[in-house]
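Please treat every number below as a calculation from the coordinates, not as lab data. Keep in mind that this is a model prediction, so the values were computed, not measured. Glycine also receives a Cβ, built like all others from the backbone with ideal geometry; neighbour counts cover every protein chain displayed.
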Amino acid sequence: MEIERKYLITRENLPDDLERFPSLRIEQGYLCAEPVVRIRRQDDDYYLTYKSKGLMIREEYNLPLTKAAYLHLREKADGILIQKTRYRIPLTDGLTIELDVFHGVHEGLLLAEVEFPSEEAARDFTPPGWFGEDVTFSSRYHNSTLAYRRL
């Protein structure tokens, strides 16, 4: 189960020391939008992911892929391949901000996600001051939506 909140970030509000945080280079493509079936490369790791419908709370299953399987499925992906760098920024209470800086077609888009252990924790969350609009309940900012249209 994935329980997360999602926020828009403006370039002016990015942390000054962003490069000091661990990061991953991510490429992902979508084989199906409903339900979501995606393939993802995170640096040198490869996954096939299923996500159920939902906005803040969704089922999520990740299965490892070989590089060859990923490249084979990549050719079958619909729409736009999502490209982004994900920074992992620690928060209090064991939470982590996953800050996505998009490249390519979605250059300039910045999204921060925080995953929670419970729905209650997600609802009680007070975001840091540098977070912008809460877009948790908008499917417009799901990566699966972004794969099929430009913002």
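The table below lists the values:
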{"item": "Residue match in region 54-75 (condition: among the basic types (Lys, Arg), surrounded by 15 or more Cβ atoms within 10 Å (Cβ to Cβ) and either touching a residue at least 60 places away in the same chain (Cβ under 8 Å) or out of contact with any Ser or Thr (no Cβ under 6 Å at 6 or more places or on another chain) (or both))", "result": "yes"}
{"item": "Unmet requirement for Ile97, which otherwise passes all of (1) within 16 Å of the chain's Cα centre (by Cα); (2) closer than 24 Å to Tyr50 by Cβ; (3) not basic (Lys, Arg)", "result": "(2)"}
{"item": "Number of positions in region 17-39 that are buried (at least 17 other Cβ atoms within 10 Å of the Cβ) and part of a loop (DSSP other than H, G, I, E, B)", "result": "0"}
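Okay, residues lined up against (1) over 19 Å from Gly29 (Cα atoms); (2) in a helix (DSSP H, G or I):
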site	(1), (2)
Pro117	yes, no
Ala121	yes, yes
Thr126	yes, no
Phe131	yes, no
Phe137	yes, no
Thr145	no, yes
Tyr148	no, no
Leu151	no, no
